[in-house]
Amino acid sequence: MEKGKVDQIIDRYDADASSLLAIMQDVQDELRYLPRDAMKQISERLDIPMTHVYQMATFFESFHLNPRGKHICTVCMGTACHVRGAPKLVDQLERDLKLKSGQTAEDLSFTIEEVNCVGACALGPLVIIDGEYHGNMTSNSLSKVVGKMKKAEGGE
Ligand code: FES
């Protein structure tokens with residue numbers, strides 16, 4: 001199934017090697033990460049060595065080589081957010097989602113990630129949930145947000 005999706009994306013760019021990054025980005029948008037098989041498929045169809053595709057994937061931080069959850073909870077661990085309690089927010093997420101930071105749930109529902117300063121220090125501590133910025137976050141309000149998301153996903 002994934003193979004077909006990847007093929008469709010490659011076709012959209014006429015399997016043009018100069019569109020490598022755009023293709024990789026679109027595949028990641030579709031699958032939420034860049035599986036090794038997809039990179040191999042891209043490499044073969046664009047006639048670009050796999051080592052080159054892999055180098056691109058590891059050079060750009062925006063690419064993810066491991067599966068990621070449907071919901072991404074990212075805690076900013078830059079200095080400003082850190083001193084305002086970001087580590088406690090990570091602890092809270094780990095407890096609520098029963099996951100370690102950097103991990104993805106087995107059912108691919110959630111991923112916890114940490115980033116360095118994203119340039120919104122005035123909002124710290126900051127948690128980005130599915131791309132939405134939640135500033136001045138407390139453990140309590142984070143727990144509520146996550147609880148709602150779990151409920152919506154059919155969890156407890
Ligand atoms: S330290 Fe978190 S946004 Fe700057």
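Consider region 106-116 and keep the residues that are away from the ligand (no atom under 12 Å from the Cβ) and of a type in the set (S, T, N, Q). The one that is farthest from the chain's Cα centre (by Cα) is Ser109. Exactly one residue out of Ser109, Ser141, Ser101 is surrounded by 14 or more Cβ atoms within 10 Å (Cβ to Cβ) and without any contact (Cβ under 8 Å) to a residue 12 or more places away in the chain: that is Ser141. Against the test of being open to solvent by less than 60 Å² (accessible area, probe 1.4 Å), in contact with a Phe, Trp or Tyr (Cβ under 8 Å, 6 or more places away or on another chain) and within 12 Å of the ligand (Cβ to nearest atom), the options Ala120, Ala80, Ala86 yield a single qualifying residue, Ala120. Residue check: Gly119 meets all listed conditions (1) more than 17 Å from the chain's Cα centre (by Cα); (2) not in a loop (DSSP other than H, G, I, E, B) but one, namely (2). For region 1-50, which residues satisfy the criterion of being more than 14 Å from Pro67 (Cβ to Cβ) and small (Gly, Ala, Ser)? Selection gives Gly4, Ala15, Ala17, Ser18, Ser19, Ala22, Ser43. With the condition kept exactly as written, say whether any residue in region 123-139 is more than 16 Å from the ligand (Cβ to nearest atom), farther than 26 Å from Asn66 by Cα and not in a strand (DSSP E or B). Yes, there is a match, as at least one residue in region 123-139 is more than 16 Å from the ligand (Cβ to nearest atom), farther than 26 Å from Asn66 by Cα and not in a strand (DSSP E or B).
The single condition among (1) buried (at least 19 other Cβ atoms within 10 Å of the Cβ); (2) of a type outside the set (Val, Ile, Thr); (3) farther than 24 Å from Gly124 by Cβ that Asp96 does not meet is (3).
Being among the basic types (Lys, Arg), open to solvent by 30 Å² or more (accessible area, probe 1.4 Å), in contact (Cβ under 8 Å) with a residue 12 or more places away in the chain and not assigned by TED's automatic domain parsing to the domain that holds Gly135 is true of Arg45. The C-beta contact set for region 20-39 (first residue open to solvent by 40 Å² or more (accessible area, probe 1.4 Å), second residue acidic (Asp, Glu), distance under 8 angstrom, 6+ apart or interchain) comprises Asp37/Glu2. Going through (1) more than 13 Å from the chain's Cα centre (by Cα); (2) open to solvent by less than 70 Å² (accessible area, probe 1.4 Å); (3) at pLDDT below 95 one by one, Pro67 falls short only on (1). Checking Leu65, Leu34, Leu21 one by one, the residue that is in a loop (DSSP other than H, G, I, E, B) and either over 30 Å from Asp96 (Cβ atoms) or touching a Ser or Thr at 6+ places or on another chain (Cβ under 8 Å) (or both) is Leu65 and no other. The residue list Lys88, Lys100 contains one member that is closer than 27 Å to Gly147 by Cβ, in a loop (DSSP other than H, G, I, E, B) and in the same structural domain as Gly135 (by TED's automatic domain parsing), which is Lys100.
The values are calculated or read from the model by the stated rules, or taken from the named source; none is laboratory data. In this text, all values refer to a predicted model and were calculated from it rather than measured experimentally. All Cβ positions, glycine included, derive from the backbone under ideal geometry; neighbour counts span all protein chains shown. With ligands, DNA and RNA removed, areas are computed over all heavy atoms of the protein, side chains included. Shrake-Rupley method; radii C 1.70, N 1.55, O 1.52, S 1.80 Å.
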